[in-house]
Amino acid sequence: MKKTYYTLLIALLFALNSCSVYNFTGTGKIDAKTFQVNFFQNNADLIEPGIDRTFTLALQDIIQNQTNLNLVKNGGDLTYEGEIVDYRISPMTATADQKASQNRLKIRVNVRFTNKNKEVDNFEKTFEFYYDYPAAQQLGGATLSNALKEIFDRITQDIFNESLAKW
């Protein structure tokens, strides 16, 4: 009976100990306490006003929501900076009378990530995603809001995974 008790106790200790290394977001132990997200300037040829601010806030939000790191304005252990390098609308599919039936909005963001405590994690990489919408709709209002939300959700998650989750 004692042997079974000790075996269960050891198994429980291993199970609880492993929970301290990983969390529900997939990140391991992060050797940082603070992070900063510098403003992502919109350097695309086609300019959509306000997307630079929207993207910067979306990146801050995902890191705050999925880690216990504190956001700082400068001097962060982790630094995210970069620029929006492409904002492009292009026709995707055509109808029988040679008109576009679907358009695609594609956004590409160049990101430089710096980890002061672990320089091997530093990178500069481009992330992009797209949103398809009917050509009969104008890209404005709710259509633009939905497109930006979907694109930025995907890009910020990819940035998070590359910098902190290591997926």
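The values are calculated or read from the model by the stated rules, or taken from the named source; none is laboratory data. Just so you know, these numbers come straight off a predicted model, no measurement behind them. All Cβ positions, glycine included, derive from the backbone under ideal geometry; neighbour counts span all protein chains shown. When the accessible area is computed, the model is the full protein with side chains, heavy atoms only, and any ligands, DNA or RNA have been set aside. Shrake-Rupley method; radii C 1.70, N 1.55, O 1.52, S 1.80 Å.
Classification of segment 49-144 by its C-alpha gyration tensor yields a prolate form. The axis ratio a/c (a ≥ b ≥ c) is 1.5 or more, and a/b outweighs b/c. Full extension of the chain between residue 60 and residue 123 gives 20.9 nm of extra length, using 0.36 nm per residue less the Cα-Cα distance. Label sites at residue 161 and residue 38, each approximated as a point 7 angstrom past Cα along Cα to Cβ, lie 2.6 nm apart.
Of the solvent-accessible surface of segment 65-167, computed with a 1.4 Å probe and all protein chains present, 44% belongs to carbon and sulfur.
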